[in-house]
Amino acid sequence: MTWTWARRLAGAGIAAGLLLPAAPASAQRAREFGIHGVFTGQDAELVAGGVHAGVRTTRRTRIAVTAAVGSAGGEFVARGELLGHFLLSPASRGVGFYAGGGVAGIAGAAEEGFLVLLTGIESAPGGASGWYLEGGLGGGVRIAAGWRWRWFRGQ
C-alpha cells in the first residue's frame, strides 16, 4: 500500500465520520480498545498482530479501525482496516454474533487494497471486556482473533 492508499484510507474514515448523522454524545454507548491477530490466506499468507479501536455509534452498530504489523511472504508488512459491524445481541453477557464489512490496505513489499466481509462471535458484548473471533474474506480468507475492553456511557 503506497502512502497514497494510506491517505485515501484515512480520508475515507474521516469522510465516513462526517457523513454519519450527528447524534448526542449519549448515543455513543461504548468505546472499545483491544489487541488482535489476523491471518489472511492468499498468494503470500499474511500473519500480523496489532491493535483495535472502535466506537458503537448506535446500540447495534460499531465502527472499528485496526492496525497490525507482521509478515507476508517473508516480507515486513503493515495492514490497516476500517470496518463497520452490526451486532445481533449487543447487551448480552454471554456470547454475541455480528456481521460486518469494510476496507483494508497493506503497506510493505506488496501494496494492495481489499474489500472485507466478515462474521464474528464475541464474548460478553454487553460486558466490560471479552474475546472475539472473526472469519470472512479480505485479501483472501481472513481470520482474526483478539480481546476487547469496553467503556460504556449514556445508559
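Applying the selection to the range 135-155, what residues are closer than 20 Å to residue 103 by Cβ and open to solvent by less than 40 Å² (accessible area, probe 1.4 Å)?
Once the filter is applied, which keeps residues that are closer than 20 Å to residue 103 by Cβ and open to solvent by less than 40 Å² (accessible area, probe 1.4 Å), the range 135-155 yields 135, 136, 138, 139, 140, 142, 144, 146.
Residue 78 versus (1) more than 25 Å from residue 152 (Cα to Cα); (2) at pLDDT below 95; (3) surrounded by fewer than 20 Cβ atoms within 10 Å (Cβ to Cβ); (4) not aromatic (Phe, Trp, Tyr): which is the lone unmet condition?
All conditions pass for residue 78, except number (2).
Where residues in the range 81-98 are open to solvent by 50 Å² or more (accessible area, probe 1.4 Å) and in a strand (DSSP E or B), which of them is nearest to residue 153 (Cα to Cα)?
For the range 81-98, the residue satisfying everything is 86.
Out of all the residues in the range 104-119, which are more than 14 Å from residue 141 (Cα to Cα) and either in a strand (DSSP E or B) or modelled with pLDDT of 95 or more (or both)?
Hits for the range 104-119 are 105, 106, 107, 108, 112, 113.
From the set of residues in the range 115-134 that are open to solvent by 30 Å² or more (accessible area, probe 1.4 Å) and either in contact with a Lys or Arg (Cβ under 9 Å, 6 or more places away or on another chain) or of a type in the set (S, T, N, Q) (or both), which is farthest from residue 91 (Cα to Cα)?
117
Consider only pairs whose beta carbons are under 8 Å apart and that are at least six residues apart or on different chains; among these, list those whose first residue lies in the range 86-104 and is over 15 Å from residue 59 (Cα atoms) and whose second residue is of a type in the set (Asp, Glu) and in a strand (DSSP E or B).
So the pair list comes out as 95/122; 102/81; 103/81; 104/81.
The values are calculated or read from the model by the stated rules, or taken from the named source; none is laboratory data. Values in this document were obtained by computation on a predicted structure and should not be read as measured data. All Cβ positions, even for glycine, are placed from backbone atoms using ideal geometry, and neighbour counts span all protein chains on display. Just so you know, the surface numbers come from the protein's heavy atoms only, side chains and all, with ligands and any DNA or RNA stripped out. Shrake-Rupley method; radii C 1.70, N 1.55, O 1.52, S 1.80 Å.
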